[in-house]
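Every number here is computed from the coordinates shown, using simple stated rules; none is lab data. Being a predicted model, the structure only gives us computed values, none of them experimental. Please note: Cβ atoms are built from the backbone with ideal geometry, for glycine as well, and neighbour counts cover all protein chains shown.
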Amino acid sequence: MATRFASVLRGTATRMLPGLLLLALAQPVSAQPLETSVKAAFLPKFARYVEWPPGARPAAGTPIELCIIGSDPFGEVIDDAVAGQRIGDNPVVVRRLAGVDGASTCHIAFVRGRTGRSTAQLLAGLRDKPVLTVTDARDGSARGMVHFAIVDGRVGFHVDAVSAARSHLSISSRLLGIALSVRQSS
Amino acid sequence: MRPFNRLARGWRSVPAAAGLMAALLLLAGLGIIFQSESAYREQKVREARVQAEILAASVTAALDFADAAAAQESVNALRVNPQIRSAAVYDGEGALFAGFQRSGTTLPPTLAEILPPEGSVAVAAAPVARDGTRIGTVSLSVVPEPLSRRLTRYALIALFVVMAALVVGVLGIAHTALRRVNRELAERASALAEANRELEIQIEERAKAEEQLRQAQKMQALGQLTGGIAHDFNNLLTVIQGSADILQRPNLTEEKRIRFAGAIAQTAGRAAALTSQLLAFARRQPLRPEVLDLNEQILGMADLLDRTLGERIQINLDLAHDLCPVEVDPTQLESAVLNIAVNARDAMLDGGTLTIRTTDAEQNAERGRALLLAISDTGEGIDPETQARVFEPFFTTKGVGKGTGLGLSQVYGFATQSGGDVFIDSVAGEGSTITILLPCSEREAATGEAAREQQVRTCAATGCVLVVDDNEDVGAFAETLLGELGHTVIRARSGAEALRLAAQARIDAVFTDVVMPEMSGLELAERLHEQRPELPVILTTGFSDRIATSGSGGLPVVYKPYRLETIAAALGEAMRPKEDGP
């Protein structure tokens, strides 16, 4: 496990965004926090490549709500990541929710149950809602529209365009272009 | 050297328009090439920028999510374009994020190290922006098409332009050359016209001079002729007058009377021969052709020729046997031979030989059978210039009074009027030959005997003859002659009188002059024949244009001066059918 995260670090040192690199260098040498902070940095960025349906789209000036539903693996890291981030005219705020109640205003939701099963239940609660759901492969096989995974020591993500389309979200082809895999309606 | 100068002149005078046009064409060609080149470069830069922008757009997410592999994939997609030498994506800090380069180039590790474009390489950079924030930069360096290929393309344009310029230039030169040639031609044409005018003037002057010369020659010839005739006639008249004077003297012996009367007759005959020659050269000589044997005629002339030519000239006769008869006027034939012989004599002052030869001419399809009478001398010969003129009337090499210039003219007139021809052939110092060609006659030659018999018959003729002549003397003479022949004669002095008398008296024959005022002899004959078609009419004339040209209409003609036997023969012939008739 330590080797895997070292390789992530190497990949990051040479090829990743300099901001993340600096962030990583500021942290103690540990694979877990680096991986987490990369994922935390990714989360608000998704907002740039997603088009919400009218009504769900954040009005100009209003914040984009990034919800952490279930248990929060990020802690302060996510708060730091969104601090000062603006997607277009919109700032980004982090909301932490225990369940899907009150999640209807979320734009992006990182879903993480205690178990894989509870994650699936949470996702079911958000089904057909105009919320971009994000899950992590480390938390089980339940998949949101975006599903983090580690491939070759690097943080990547799978995209489920079918469920996004069901929630009337359109995901930019640019994002699809860098996704590890894309599930599309055949 | 001359063509070169011409060319140089041609080059100098190429119309400015053509030169200007060629220069403009070349300029335009260069302009097109430069414009094309700069447009090409601009287009390449634009293309590079567009491609950089596309690349920037496609790597936005990759940069955003620090996905260098995805960025590299996007960048690698550009490798298919060989003109892209290198492509690089730099992140927001200016560090190399993804990129590729071909051999010979290096990728600057940071954005700051990108050098400004060098030479033909176009560098385009495009920002990778996210919500207006620059998160990275894409840099492309593009080499244009290889220079050789562009040059090939431009060379084609240049070739066309140069060819067009050449065509224009050549056209200009050709036009100039043509104009010069035209000008030269025009000059030459005008020079020619000028020369032609001068020539025409000269020709006109020469024609005038020739006309004057001809006139002078004619006058000279006329002088010679009249001199010659006057000389000859004076001689003859002296004899006639002298004889007449002697005859008028009383107590003349019979012997003297006969001698001087004979002299008058002989001399008058010579005078008649002279006038006959005058008519002969004018070719208005009335011919009295008879069918005869040429050899017999030549032999008959032997004595005459002997006497004419004198002792110093020997005469050779070379006569072919069995020659065809010819139909010619014997008197004219005699004159022709005599004329040639006299000329020969004059050419052989120191003596020589005259050869008279008769022979069959080569048969010729055009003129049929003919014979030749060639008379050669061994004299001094005739130069070619004179040869060309010997047959001309009035032409003579003899002094005034020595010759009339009519001798050979008579020969020519006789030969051509007889349907033949005459040729001259002479070698200076060796002698001359004059050849007369005469066509053969289909008829039998009359022998001397037959002619005599005929004369005997006519002698017996008698009858009442009406003599018509406006000339009193000639009329009286004719009356005397016819009276001598035993005819009863009635005289009339005009055609009208003759018609009146013919209506009153019984006339057996009419002997009329042709040329008379009011009514000609021919008209009279016509009027008489209206009443009595069988009435014999005999015409007589010294010379009549009309008879010479259109004939006598079948009537017998007796030419003046006539002699007793001539008129007797004519009357006898004319009245004979009546006597022989049933």
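Helix-only mean residue ellipticity at 222 nm, chain B, DSSP H runs n ≥ 4 weighted -39,500 (n - 2.57), per residue, nearest 500. What is it?
It comes out at -18500 deg cm²/dmol, rounded to the nearest 500.
For segment B:7-145, what is the charge dipole size about the Cα centre, in debye to the nearest 20, if Lys and Arg each add +1 at the Cβ and Asp and Glu each add -1 at the Cβ?
900
Would you kindly work out the equivalent ellipsoid of segment B:18-132 from its C-alpha gyration tensor and give its semi-axes, the square roots of five times the eigenvalues, largest first in whole Å?
38, 14, 12
So how strong a dipole does segment B:290-439 carry about its Cα centre when Lys and Arg Cβ are +1 and Asp and Glu Cβ are -1, to the nearest 20 debye?
Around 380 debye, computed over segment B:290-439.
Taking R0 as 22 Å, what FRET efficiency do you get between B:Glu184 and B:Leu20 from their Cβ-Cβ distance, rounded to the nearest 0.05?
E between B:Glu184 and B:Leu20, to the nearest 0.05, is 0.25.
Positive end of the charge dipole of segment B:7-145 (Lys, Arg +1 and Asp, Glu -1 on Cβ, about the Cα centre): tell me which of B:Gly19, B:Asn76, B:Pro109 has its Cα farthest that way.
The residue sitting farthest along the positive end of the dipole is B:Gly19.
Nothing charged except the Cβ atoms of Lys and Arg (+1) and of Asp and Glu (-1): what's the magnitude of the dipole of the protein assembly as shown about its Cα centre? Round to the nearest 20 debye.
Dipole of the protein assembly as shown, to the nearest 20 debye: 8400 debye.
Averaging over all projection directions, find the projected area of the Cα convex hull of chain B and quote it in nm² with one decimal place.
Directional mean of the projected Cα hull area for chain B stands at 62.6 nm².
If the label point is 7 Å along Cα→Cβ of B:Asn316, which residues in segment B:328-365 have backbone nitrogen under 11 Å from it?
Of the residues in segment B:328-365, B:353-357 have backbone N under 11 Å from the label point off B:Asn316.
Report, please, the projected area of segment B:88-223 averaged over directions, based on the convex hull of its C-alpha atoms, in nm².
So the mean shadow area of the Cα hull is 17.8 nm².
How big is D, in µm² s⁻¹, for segment A:112-186 by Stokes-Einstein at 37 °C and 0.692 mPa s if Rh is the Kirkwood radius over C-alpha pairs?
Result for D is 262 µm²/s.
P(r) for segment B:464-534: what percent of alpha-carbon pairs falls in each 5 Å bin, starting at zero?
Computed distribution, short to long bins: 4, 19, 31, 25, 16, 5, 0.
Could you tell me the ratio Rg/Rh of segment A:142-186? Both radii from Cα atoms, Rh via Kirkwood.
In segment A:142-186, Rg relative to Rh is 0.98.
Report the label-to-label distance for B:Arg506 and A:Asp128 in nanometres (one decimal), using points 7 Å from each Cα along the Cα→Cβ vector.
Distance between label points: 17.8 nm.
Where does the charge balance sit around A:Ser185 when Lys and Arg score +1, Asp and Glu -1, over other residues with C-beta under 11 Å from its C-beta?
+1
If only Cα atoms are counted, what is the Rg of segment B:455-580, and what is its Dmax, in Å?
13.1, 38
State, to one decimal in nm², a quarter of the convex hull surface area for the C-alpha atoms of segment A:39-183, i.e. the direction-averaged projected area.
That works out to 7.9 nm².
Can you list, bin by bin at 5 Å, the percent of alpha carbon pairs in segment B:248-388, starting at 0?
Using 5 Å bins, I get a P(r) of 2, 8, 14, 16, 17, 17, 12, 6, 4, 3, 2, 1, 0, 0 for segment B:248-388.
Could you check how many percent of all C-alpha pairs in segment B:290-370 are farther apart than 17 Å?
Looking at segment B:290-370, the distances longer than 17 Å represent 51 percent of pairs.
What value in Å³ per residue do you get for the convex hull of the alpha-carbon atoms in the protein assembly as shown?
465
I need the GluC sites (Glu not before Pro) found in segment B:90-171, filtered to DSSP loop residues with at most 16 other beta carbons within 10 Å of theirs.
B:Glu93, B:Glu118
Report the Cα centroid-to-centroid distance between segment A:73-123 and segment B:213-268 in angstrom, as an integer.
With segment A:73-123 and segment B:213-268 each reduced to a Cα centre, they are spaced 178 Å.
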